[in-house]
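The values are calculated or read from the model by the stated rules, or taken from the named source; none is laboratory data. As the structure is a computational prediction, the values presented were derived from the model and not from experiment. In this analysis, Cβ positions are derived from the backbone assuming ideal geometry, glycine residues included, and neighbour counts consider all displayed protein chains. Please note that ligands, DNA and RNA were not included when accessible areas were found on the heavy atoms of the full protein model with its side chains. Shrake-Rupley method; radii C 1.70, N 1.55, O 1.52, S 1.80 Å.
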Amino acid sequence: MQAQATTQLTLYSPLEGPVCPLENVPDPVFAGRILGDGVAIDPINSRLTAPCSGRVTQLARTGHALTITTEEGAEILLHLGIETVHLKGQGIYPKVREGDRVNTSDVLIEFDADYIALHAKSLLTVMIVTNGDRFDIIRRDNSSTVTTTTPLLILRERSTVQNNIPRNTATGELSCPVVVALAGGLHARPAARVRETARRFSSQLEIAYDGKRADCLSITALLGLGVSEGEQVIVYARGIDASAALDAMAQTLQTHIETEAISAVATVNTVVSSHAAAGVIKGICASPGLAMGVVVHWDDTDVVETDSLNASHPEFELERLTSALQQVTAKLLARVAKAKEAGRDTEAMIFDAHMGLLDDPQMRMQAQTLIQQGDSAAKAWQKTIMAQCQVLAALPNPLLAARISDLHDLKKQVLRVLMGKSEKALPVLPQNTVLIAEDFTPSDLEAIDRQRVTALCMKSGGPTSHAAIMARSYGIPALVALGDAASQLASGTKVVVDASAGCLETVPNAERIAEVAVRQSQAALHQQNILQNAAAPAVTTDGRLIEVAANIANISDAQLAAAHGADGVGLLRTEFLFLGRDSAPSQQEQVATYQAVINTLEGRPVYIRAIDIGGDKPVAYLPFPLEPNPALGLRGIRILQVHPAVVETQLRALLSIAPLSACRILLPMVTDADDFVRLRTRIDTLAQTLGIKEAVSVGAMIEVPSAALLSSVLAEYADFLSIGTNDLTQYTLAMDRGNPGLASQLDGLHPAVLHLISQTVAGARLHGKMVAVCGALASDPVAVPVLIGLGVNELSVEPGQVPSIKQLVRKLDYEKCAREVKTLLGLASAAAVRAHCRRVWPL
């Protein structure tokens with residue numbers, strides 16, 4: 001390896017306006033130079049230009065930030081305004097795409113300066129060198145005001161190793177350097193993606209960094225490297241498919257995965273004393289919001305220390321550990337499937353990462369070695385986890401240290417199984433509980449009664465922990481890093497949690513309690529105003545009725561849907577009855593559940609989807625053949641091929657509902673008319689056998705392109721069509737919807753998907769059949785006018801969104817929507833569709 005000569009690089013100002021030092025920027029990420037050194041400008045113009053030549057290697061989904069990588073390897077981050085991500089692209093118009101090559105002074109982004117100034121925290125725009133380990137800022141322009149011709153910063157490259165390291169073909173080992181683009185670096189979820197890539201190849205893949213080398217199959221080894229975003233690693237591949245493996249791993253590491261980590265990491269450096277004022281315990285905001293309630297301490301003593309446990313024979317202990325790991329893995333699989341079914345993709349990825357940790361060969365080998373040396377299964381597992389926690393605790397990267405709570409979570413889950421305590425005994429929580437714990441784990445938050453929890457307070461932990469991320473996804477205010485002072489609060493104490501301000505108020509006076517009560521009442525009143533008209537029909541300004549139904553997964557969702565004025569249930573996911581148990585539900589149990597939902601909706605139609613397991617929703621007691629690509633295998637009605645008895649039991653249960661007229665049976669993963677007719681005939685025959693006289697309403701899910709293309713044929717036999725946009729999008733664009741690296745590109749407003757929806761509607765109209773959309777696109781306010789313009793009759797959304805979607809429909813003109821859709825179908829990308837929609841229908 002040869003050293004490169006150092007070079008210099010000039011960065012011109014990307015804007016015109018006054019210069020502001022980074023330390024004066026009202027954001028701890030930038031002010032603390034967490035992302036790197038640079039400068040800020042307060043713009044007086046409305047065009048952000050390229051400060052140098054290079055390639056656009058990252059463009060935020062909302063267009064507010066991008067990174068230019070120069071030929072020398074310098075990575076220049078340009079971030080328009082402060083807290084502009086919340087604008088969701090409004091007022092921001094990117095003129096480049098990722099991968100574009102740009103020259104100095106080329107226009108990158110045009111923006112509405114007035115709009116951003118009014119709606120964002122600040123218009124200050126930063127320019128940062130994110131790989132400061134490779135480039136020093138050796139000169140800064142000292143002008144108080146700059147133009148786009150001002151040479152603002154001059155960089156000098158440090159002595160580095162050549163980028164193109166030759167591959168060692170003599171030993172059969174190939175290698176290449178890669179700059180890690182994973183947001184936050186190699187923490188648990190990105191490491192899980194690395195592991196999944198490695199499992200696709202027979203060759204051994206390793207990553208080397210800072211004198212250490214880690215097997216890509218070992219998440220703990222990867223975490224132990226301590227790699228941060230923007231740092232360079234060397235990837236090694238050895239084996240018969242080494243070249244392909246190396247290319248795939250390089251692509252994985254260079255794929256930018258959006259996380260919430262970076263902004264949260266910066267907050268760690270801004271913590272003040274735990275006792276900033278009398279009666280106030282300071283912490284870090286993990287999930288914003290204001291709440292008031294009574295203290296309940298989360299007791300986690302059901303898992304005892306294992307030092308006193310004696311070991312049996314090593315072979316017996318190994319069997320016990322293997323069995324426990326299998327049981328916990330099965331539960332995690334069920335949690336992943338349940339979260340995905342409920343549309344909680346972040347939660348699903350967290351539990352998927354836990355499965356990766358649990359399957360880590362390095363951890364399993366270490367535990368097995370300890371058992372061979374005489375430890376019990378429980379003691380060996382605890383020692384293994386604690387050793388890995390010590391490794392992470394020693395790392396300087398707070399994002400990686402935050403993964404310690406995930407390891408503790410897995411430690412507790414496995415120990416509970418080994419000790420015969422398969423489930424934690426959950427306390428009965430009072431209403432408006434402020435739950436306090438040392439730290440919460442993802443499995444804790446998945447299990448507690450979240451309807452009774454008004455806030456979460458953690459004595460330790462960090463804002464990048466998976467518990468914090470889940471709290472944000474649930475919309476529960478949460479604080480972390482409160483310290484031991486939170487332990488001293490007596491149970492039942494009334495407190496105020498101002499999570500946005502990072503404060504736990506332990507002795508709020510009457511005036512403060514009244515103030516919080518007023519603010520909560522105002523919020524409730526606002527919600528009440530929205531709910532007041534929720535039950536009324538959603539009719540466009542020109543008189544077109546659009547049904548707005550709810551997607552649900554259980555009886556509590558059904559109650560929420562009814563309370564929020566849903567016109568019915570557009571999708572009842574029946575998988576919740578089959579997941580997380582040791583055997584399939586009986587016909588009687590299913591009848592009772594389905595009937596309860598029907599009763600709750602009081603005669604409104606309920607579309608009940610037949611069981612859709614397989615793929616990313618495996619069920620332990622229903623074995624499926626091993627498939628190289630489960631998403632393209634035995635899913636939906638295809639399970640009839642391998643488990644006909646399970647399908648028949650469910651069909652009998654559905655046909656037992658009263659009144660049957662309220663029940664609509666929805667068949668998932670229909671490929672063509674033959675698929676549908678085969679099962680439709682089975683249903684009709686079964687109904688005849690049961691003596692049912694009335695017609696049974698049966699519809700087809702449109703989730704694969706073939707079904708959309710053949711919709712005119714399908715509609716001849718189906719009573720209705722329901723479009724599942726999540727699957728339809730992934731199959732149309734050939735992108736796994738479970739892959740966070742593709743999340744920014746997986747957009748149901750892609751013109752190709754819109755064409756398939758349009759064709760589905762046209763096919764249904766030929767036979768006078770209705771079309772519903774029950775995928776996530778129906779809940780997207782930007783997409784609602786598009787779907788209406790395409791001719792969709794029903795939108796099925798999450799229960800809590802029913803009132804707001806109805807309110808939006810009432811503001812739309814159907815004829816205008818239909819006219820604009822013709823333009824949208826001719827656009828080139830989802831981004832172009834969204835930009836057009838925002839201009840035509842500003843939210």
Residue-by-residue Karplus 3J(HN,Hα) for the range 90-102, coefficients 6.51, -1.76, 1.60, Hz, glycine and proline x:
5, x, 10, 10, x, 10, 10, 10, 4, x, 5, 8, 10
Of all accessible heavy-atom area on the range 635-787, the percent that carbon and sulfur account for (1.4 Å)
53 percent
Could you work out the relative contact order of the range 9-150? I mean the mean sequence separation of Cα pairs under 8 Å and 6+ apart, divided by the number of residues, in percent.
34 percent
Compute the relative contact order of the range 544-615 as a whole-number percentage, counting only Cα pairs closer than 8 Å that sit 6 or more residues apart in sequence.
36 percent
What FRET efficiency, computed as 1/(1 + (r/R0)^6) with R0 = 22 Å and r the Cβ-Cβ distance, is obtained for N599 and A695, rounded to the nearest 0.05?
0.55
If amide hydrogens are placed 1.01 Å from N in the peptide plane, which non-local residues have theirs closer than 5 Å to the one on R544?
Y814
When the gyration tensor of the range 677-815 is built from Cα positions, what are the square roots of 5 times its three eigenvalues, in whole Å, from largest to smallest?
28, 19, 15
For S500 and T823, extending 7 Å from Cα along the Cα-Cβ vector and measuring point to point gives, in nm, a value of 3.6 nm
So what does T104 come to for accessible area, using a 1.4 Å probe and Å² rounded to 10?
50 Å²
Sequence of E196, E317 when ordered by accessible area, the most exposed leading, probe 1.4 angstrom
E196, E317
Going from most exposed to least, what order do C20, C817 have by accessible area with a 1.4 Å probe?
C20, C817
Could you list, in their original order, any pairs among K411/K459; K95/K338; K769/K822; K338/K822 whose Cα atoms are separated by more than 30 Å?
K95/K338; K338/K822
Check which residues have an amide H placed less than 5 Å from S13's amide H, if you skip close sequence neighbours.
T150, L152
